[in-house]
């Protein structure tokens, strides 16, 4: 089957959406499909076209970047070319250009499937408000034109103003998650490199430093944690500087974080490779996901942590709460409640055995090949319906 995957950003950009798309595209390729990813050439250091892990990546030239979006003048021509050559068009939303691809697929008799990752909620401001409105309109139009829509969980769909409009063509499929286990030597080397003390506990957060991630809620919760565990440390994995549209947010929180850094209680690790992420999880006692709004729909890092026997404390957002609810491997805290977050962290740290589960069961539920197989069944069903 020839599968065309379309999304605004792909590697080397790192986010939950791009990681999902990459894992799924590579799983399709392993299963014998011909996979093309059409994305933006936002990073001039990358080639315009290449093959990675069996996946052909085509990057459209970018004329200008506007906030978190890009303008690609040749995308329309590339859309016709690649949609015509495909059997199935797979779109990842939010995405401004999705309606054009869905319309072309409909005109050419090809099924177009949307995977709706999350809502788009840019930081406050007149321009961002306009951008939110435009992208929301485009997403709704894409939903009308698409053959089917995939969501991570029914929980998120039931609480999504967008997804609730399309209940008749909606299928929940858990996201693909894969991460190799860290060897003992790799975990020790990682701890030495990042000066992780032998005295515990270690609290991890893995995310872009963005306003929807709720970093300030963790900061507000930390005094209660440090009072009980004076030697506790926070490790933050992910991009923290020059995150698109989030510079003001980082500048606002930086003084508090720098104070903790000076005391050895907070370390920024930057963007980590898969092997480094495995070693990161191996050094944690708990992972925290204090997200604040529906731009977060699941939190793939929770499954990665649980695969390494690390419990999680997540906010009670629809979708985000599901990994803990599904596994019992952690606690759910009310959204934006720093006191409750601190209490949940302290309970997990105080009674770790209470939250232990079989990591193998968790890994199997989100195995990329099983996720790809679920998509294949959906693709085949839609192709038969069109035939």
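The values are calculated or read from the model by the stated rules, or taken from the named source; none is laboratory data. What you see is a predicted model, and the numbers here were worked out from it, not measured in a lab. Reconstructed Cβ throughout: ideal geometry from the backbone, glycine too, with neighbour counts over all protein chains shown.
Below is a table of values for the structure above.
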| quantity | calculated |
| --- | --- |
| Residue match in segment 227-243 (condition: surrounded by fewer than 17 Cβ atoms within 10 Å (Cβ to Cβ), in contact (Cβ under 8 Å) with a residue 24 or more places away in the chain and in a helix (DSSP H, G or I)) | yes |
| Selection from segment 329-366 of residues that are within 16 Å of residue 305 (Cα to Cα) and part of a loop (DSSP other than H, G, I, E, B) | 329, 356, 357, 358, 366 |
| Selected residue (criterion: nearest to residue 350 (Cα to Cα)) from residues of segment 294-318 that are within 14 Å of the chain's Cα centre (by Cα) and assigned to a loop (DSSP other than H, G, I, E, B) | 299 |
| Some residue of segment 79-95 being touching a helix residue (DSSP H, G or I) at 6+ places or on another chain (Cβ under 8 Å), in a helix (DSSP H, G or I) and in contact (Cβ under 8 Å) with a residue 40 or more places away in the chain | yes |
| Residues of segment 34-64 that turn out to be closer than 21 Å to residue 367 by Cβ and surrounded by fewer than 21 Cβ atoms within 10 Å (Cβ to Cβ), as a count | 3 |
| Selected residue (criterion: nearest to residue 193 (Cα to Cα)) from residues of segment 244-265 that are surrounded by fewer than 15 Cβ atoms within 10 Å (Cβ to Cβ) and in contact (Cβ under 8 Å) with a residue 60 or more places away in the chain | 264 |
| Matching residues, segment 267-293, being more than 23 Å from residue 243 (Cα to Cα) and in a loop (DSSP other than H, G, I, E, B) | 283, 284, 285 |
| Residue that is surrounded by the fewest Cβ atoms within 10 Å (Cβ to Cβ), among those in segment 147-168 that are farther than 15 Å from residue 298 by Cβ and at pLDDT 95 or above | 148 |
| Residue match in segment 196-211 (condition: at pLDDT below 95, crowded, with 22+ Cβ neighbours inside 10 Å and assigned to a helix (DSSP H, G or I)) | yes |
| Among the residues listed as 51, 57, 3, the single one being at pLDDT 90 or above, outside any loop (DSSP other than H, G, I, E, B) and in contact with a helix residue (DSSP H, G or I) (Cβ under 8 Å, 6 or more places away or on another chain) | 3 |
